[in-house]
Amino acid sequence: MPEFELSAPSRAPVEEVWKLLFDPARFPDWWVGIETVREDAPGRFTQWPTGYPDFPMPQKLRTDRLNGRVTVSCQVSDISFVWQLAEVGAGTSIHVSVSLPDREAHRLDGQRRDVKESLVRLAALAEATSETVSR
Amino acid sequence: MLQVRLLGRVATERNGEQISLPAPAGRLLAFLALRLGPHDRENVAVQLWPDATAAAGRANLRTAIWALRKALGDDVLEASRTSVGLLPGTVTVDVDDCRDRAAAGDAAAAAALCHDELLAGYTEDWADAARQRQRAQLAQTLAERSASTERDGDAADAARWSRLRCALEPLDEAAHADLIRQLAAAGDRAGALVVGRDVITRLREQLGVRPGPSLRAALAEARGPGAATSASAPGLNRPLFGRASQLRALAAAWAAARAGQGRVVLITGEAGIGKTRLVAELARRADNAGAGIAMGAGVDVGGEAPLAIWQELVPQLARTVSAPENANWASDLGRLAPDLPAQLGRDAPPPVVSSPELERLRLFDAVLRLVEWAAANRPVLLVAEDVHRADPASMQLCAHIGRRLAARPVLFVLTRRDRPQRPAADALIADLVGRGVEVTEIELGPLSQAEVAAVARSVADLPDAAVEQVVDAAEGNPLLAVASARALAAGRSAPPQDLRAMVRAATGTLPRPARDLVEALAAAGRELSAGELAALALPDRDEAEHAILESGLVFRSGGGLRFRHALLAEAVRADLGEQGRRYEQLALAIESAARSPGPVAAEVAGHLRRAGRDDLAGPRWQRAARHARSLGAMPEAARFWAEAVRCDPGAAQPRLELAEALGWLGREAEFEREWQAARELLSEREQSVAWCRRGKVLRTVVCNPRASIEAYQRAWELLPADAPHSLRADVLLGLAWGESAAGDPDRAVMLLGEVARLVDPHDDSMVAEMANAELMSLLRLGRFDGCETAAERGGAAARRAGRPDLAYSVWIHLTCALSWSGNMIGALRAADAAVAATRGFTAIELRCVASRAFVLSRLGRHAEALPLGREQLAMADRMDSPAAAALARHDAGLIALEAGQHESAAQLLGAALDEDAEISRPAARLARAEALARCGRPQEASAEVRRAALEPVRAGDQPWALVPRMTRVQGLIALARGDRDQARRRMREAAAVWQRHLHRSTGAEYMANFVDLGRAPVVGLVEPERELRRLTAELAALDDLESPELTEVL
C-alpha cells in the first residue's frame, strides 16, 4: 500500500493547532484541495474538492484514544490521513501519516505535495491565530 | 370450597373427599397455598426445581400446572404466561385460619401452630423458609399476647403464652427471660429456676455459648437478692499464662471501641502460640460487658466457598439483634443464610438484579447495616480467626466492614499466622491503615520458660523433671506445651519429637471407630455439627466420641465436635493420605445435614474431588457456582464452573455458564474460547441458544452493541422453525436493543413491534426491556415527544418486576430526553423517579442522584444541588469504589462551577482528573480551566487548556463541542489577564462555532457517550443554544465596559 509520512513544526501552542484539526469546518482554511465542507453528523462530513463543486466526497473523522491523534478517511477514495500533535517547547510538532489504496497509487506524488503544503498552512494558520490573539 | 391442610402432613380435600395429587402437583399446590393469589412463574419454577436449568424448570412447572388443573378443575387455579396462583375465595388453608385465631387470643390455635410442623416432610429450601417465616410470625404473635396479658396484670396467663413461645424457640434467650420473670412474678420461683437451668444447658450444648445479660439478669432476679452467680466461659477452663502486655493492648482497644471509636486489631503469631486463647479471654470480658459477639474462621479445606467467614459471623450477629423495621437489607442477608430474613422479620425475597457486582455490593452493604444495627444499642465484638486461610471474598468483606467502624462501638479482631506469607492479609491491613482506620497490631511471641512451666502444670500434676521436659520440648509454644504435658501425664517417658508425632501417639491407641471419627473431623478441617456427626453414620458413635474427647485432641462445641487447634487437625490430615472413601462419606454427610445445599456445595464438591468422585462432584460444583453468583462472587463462580467443566468436559451447559462468568470478569479471550468450545458441543438445533446467550453477554457485560447485533443476527438465522416463542422474543429483543444502541433505530422500532406480538403483555421484565430499547431508539431519532409514555410504561413494569436496574435505565433515558428538549422541570421529575426506583441499590442510586443534582443545578437550584454532591461521595465511600468517588468529585466540581464556587470546583475537578475518573477528560480539564480563570489564576488555567489538547479524545467526548468550549475558556483566561480585546475575539470565535451547531441532532452521540463513559450523558450535557445564550450575555457585558452587570455575568 503506497504511503508516506510528513512532519512540520509550528510555533503555535498545541491547543491552537488542535482546534483547527478537530473542526472540519476550518479544513478549507488550510487543507490544500478542500474547497468547502458540510458537517453531516458526529464524525462525518462531506467535502468538495477545489474546482469540483459537483463532486461531494463523504469523509469520516475519528478521534483516537492516543493523545492528539485524528484520523480522516475518505469514503470514496479510501485515502486515510492520520494526524498527530505533540507539544515541543512552547510550540507544536505536527505529524501526518498518509496511506493510499493501491488503485490510487498514481496520486501518491500529488498527495505528498498537497499534504506538505497543507502542513505549512496549518502551522502558519495556528501561529497567526495565536499571534492575532497575543498581539 | 377447596381445603388445603399444610400443618402436619399436607392434604387436600373438597366437600370432605380427599384429593390425591401426583408429587410435583402436590408440591406446587402446597407452595401456592402458602400465599393465595398470583406468583411469578419464573420464581415458582426456580423455587420448586432449583437444580434444573431455567428451561427445564419452566417445563416442569407447565406439567405440574396441567396435573393440578386436571385434579382440581379450572375454578381455583389461575395461570397466565407470567403468573400462576390459587384464586382467593376459592380455597381455605388451615394455617391461615390458625394464625388468625391465634392472633385473636385463641391459645389452642396457637398451640396447634407450635406443635404441628408446617409442610411436614418437605425438605426443600422454600419449605424451610416458609417454616422460618411461620415461626417468626408466630413468635411475634405470642410475644405480643404475652406482653399484653402481662400489662393487664395476669402474670400466670402471660407465662402461658411465653411458654408456648419458648417451645417454639427453645434457644431464644429473650423469650426465656420473659418466661422466668413471669413465672417468678406469678409465685412459681422453682418453675422459673427449672426453665433457666434447662435453657442454659441447651445453649451450652447446642450453641456452645453462655447465657447473655438479659437471661442472667432474669435468673438473678428469680433467685432473689445476692443470688447471681458467674460461670466460666467455654474454652476458658485453664487460666491465661503470660500475655499481660498483649492483653492490656487488647483491652485498651476494646475500651476505645466501646466508647464509640471503632477499630481493628490484628493478632499475629505462629500456629499454636495462643491467638485463639487470647481472643477467647477478650470475648469473655466483652460478654460480661453485655456486648454482641460473633466469631468466624477461615477454612481452606474443601472447595473454599466464598464468604465462608461471614457465613459463620452473620448468623451469630443476627441472633444478638431484634428485628429492624422496614429494613430491606435483611432480605439480602438471605443470600448468606436462607433463614436469616425470617429471623429478622422479613419474608420477601430480595429483588433480582442482573449484575453480579450489584449483588455483591448489596450483600456487603447488608452485612454492614447488620453490624451497624447490632452496634446501635450495645458494643459489638467481631472476630475473624485464621484470615491467612480466608477466601478472597471474605477478605474483601472484612476490608469493607473494617473501613467503616471509626464512629461505631465495634472492635473487629483478626488473627493470622505469621507464616506462610499471605499478601491479601497484608494488603487488607495496609489498606485499612492507609484509609486512616485505627489498627492495633499485636504480635504473639514464644512464652517464657516459667510461663510454659505454668501451662504444663495446669494440664496435669507433673513432677518437676517432667515439667522441664515439657519446657524443653515446647520452645515457648503453649499448644506444644499442652500436648507434651498430656503425653507425659499419659505415662510416656519423653515428649514426642514434634506435634505430628504427638498426635500420632494420641490417635494410635484409639479404637477403630474413634479413629474413623477423628479422621473425619480432620478431613473436614472445621467443627462438625451434631447433625453432620449423626449423618456420618459411624458405628459406636457414643463410645467413639467419648474416646476422642478423652484423648484431649478434640472438645465439644455446642452439640458438635472440633479439634482443640487447627494444627492438630492438620497433623491428623497429613497422615490421612488419599483416603477417598473418607472424603466421600464426609461430603455426603455435610450435604445431608445442611439446611440449604447452596452454601455447603463448594465444600462438598471439594471433598468429592479429593475422593476422586468427579461424577458426584460435577453437579455440586454447578450448585456452588450458582450460589457464588447469587453472592456476587464472580471469581469463585468462574472457578466452580471451571471445575464443573473439568468433571464433565462433554457437557455444553457448564461451558456456556463458564463463558458467561468469564465475560462478567472481563476475561474476553477466555470468554471467546469457552463459548466456542461450548458451541462445538451443541447440536444444530441448540446453536441458536448459544448465539442468543452470546448476544446477551455482549450487550450487557461487555457493552459492545455492534458485536451483540451480529450475535443476535446469527441466533435469528439459526433459529429452528419450531423454536419456542420465548427464545424468538429474546433474540428479537436483543437485536432491537443492539439496533437502538448502535445500529438503525428505525429498525429497532420495527423489531420491537415483532417482540410485542410474541410476549405476554404481563411479562413485566420484557415490557421494561422493550421500553428501554424503545427509549434509546427515540432518543437517537430525536423524537423526544414519545419518550414520556414509553418511560412511564417501562418504569411501572420494572417496578412490578422488581428490576431496579431496568428502572434506572428507563428513568435516566427519560431524564436525558427531557433535558435535551429543554424541559428541565420534567427532567427533574424523571430524575426523582429514578432515585425513588433505585433507593437502596447504591451503585445505581448514586448515578440517579448525580443526574438529579445536575438537573437541579441547571435549574439554578444550587442550594439543593450542592448537598447531593456530598451525598454522592458518601454513597461512593459506602460502595468502596474509588472510581465512583472520583466520578462523584467530578460531578460535584461541575455543580460547584455552576454555583459560582470556583475554588471548590477547581479543587474537585483536579482531584477527579488525578484519580482517573471515568469522565470526559478534555471536557473536565476545560471546566477546571474555566474555574481557575474565574479564580484569577490565568497561568494555571492556560496550562490546563494545553493539557486538554493533549488528552485522548473519544467519540463520547463530543469533540465538536470541545472546540468552542476551549475557545471560550481562552476568552475567560484573557479576561482574567485584563485583555478585553483578546477576550472579545475569543468569545466571538466560540459563539460563531456554537452558531453552526444550533439544532444539531445529538442522538447518535448519546450512545457513544453511554458506551465510552458508561453512563447516560445527563451530567455534562452539551446544549449549543444555552452555550450561545451565555456567550452572548458575556459578550454584551464585555461590550459595555461600564456595565454594572459585567462582574456578575463574567
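What follows is calculated from the coordinates using simple rules that are stated; it is not laboratory data. Note that the structure is predicted; figures quoted are calculated from it, not measured. Using ideal geometry, Cβ is built from the backbone for each residue, glycine included, and neighbour counts are taken over all protein chains shown.
Note on chain B: semi-axes of the ellipsoid equivalent to its C-alpha gyration tensor, largest first and rounded to whole Å, are 56, 39, 30.
A simple spin-label model places pseudo-atoms 7 Å from Cα toward Cβ; at B:A249 and A:A90 they are separated by 6.0 nm.
Under 5 Å between amide hydrogens, built in the peptide plane, is the criterion, and for A:R44 it picks out A:L61 among residues at least 5 positions away or on other chains. Ordering of A:117-125, B:845-853, B:537-545 by packing is B:845-853, A:117-125, B:537-545, highest average first (other Cβ atoms within 10 Å, averaged per residue). Taking a cut-off of 23 Å, what percent of all Cα-Cα pairs in the stretch B:355-490 are separated by more than that? For the stretch B:355-490, the fraction of Cα-Cα distances above 23 Å is 52 percent. Think of the protein assembly as shown as a dipole: +1 on every Lys or Arg Cβ, -1 on every Asp or Glu Cβ, centred on the Cα centre; then among B:Q901, B:P211, B:V835, B:P211 lies furthest on the positive end.
Comparing Cα centroids, the stretch B:722-795 and the stretch B:110-162 end up 49 angstrom apart.
Farthest towards the positive end of the charge dipole of chain B, among the residues B:P38, B:A569, B:L28, is the Cα of B:A569, using unit charges on the Cβ of Lys, Arg, Asp and Glu.
Less than 5 angstrom separates the built amide H of B:T92 from those of B:L2, B:Q3, B:V4, all sequence-distant by 5 or more or on a different chain.
Only beta bridges with both residues in the protein assembly as shown are counted; by DSSP, about 70 percent of them are antiparallel.
On the principal axes of its alpha carbon atoms, the stretch B:603-644 extends 29, 14, 13 Å, with the longest extent given first. Taking label points 7 Å from Cα along the Cα-to-Cβ direction, B:D540 and B:D615 give a separation of 3.3 nm. Summarising the amide proton neighbourhood of B:R378: residues at separation of 5 or more, or on other chains, whose placed amide H is nearer than 5 Å comprise an empty set. Scalar couplings 3J(HN,Hα) for the stretch B:850-861, obtained by applying the Karplus form with A = 6.51, B = -1.76, C = 1.60 to θ = phi - 60°, are 4, 5, 4, 4, 5, 5, 4, 4, 5, 7, x, 8 Hz; x denotes Gly and Pro. Within straight-line reach of A:K60, meaning a Cα separation under 15 Å, sit the following aspartates and glutamates at least 8 residues removed in sequence or on another chain: A:D23, A:E39, A:D40, A:D78, B:E1005.
A DSSP coil position with no more than 16 other Cβ atoms inside 10 Å describes the following trypsin sites (Lys or Arg not before Pro) in the stretch A:1-91: A:R11, A:R65. What FRET efficiency comes out for the pair B:R783/B:A71, r = Cβ-Cβ distance, R0 = 60 Å, nearest 0.05? Once the sixth-power term is evaluated, E becomes 0.70.
Counting DSSP beta bridges in chain B, what percent are antiparallel, to the nearest 5? Just about 40 percent of them are antiparallel.
Annotation for the stretch B:418-470 versus the stretch A:10-80: alpha-carbon center distance of 71 Å.
Placing one equal scatterer on every Cα of the protein assembly as shown and applying the Debye formula, the log10 ratio I(q)/I(0) at q = 0.04, 0.05, 0.09 Å⁻¹ is -0.30, -0.46, -1.22.
Over the stretch A:3-134, what number does the Rg to Rh ratio reach, with both radii from the alpha-carbon atoms and Rh per Kirkwood? Ratio value, two decimals: 0.95.
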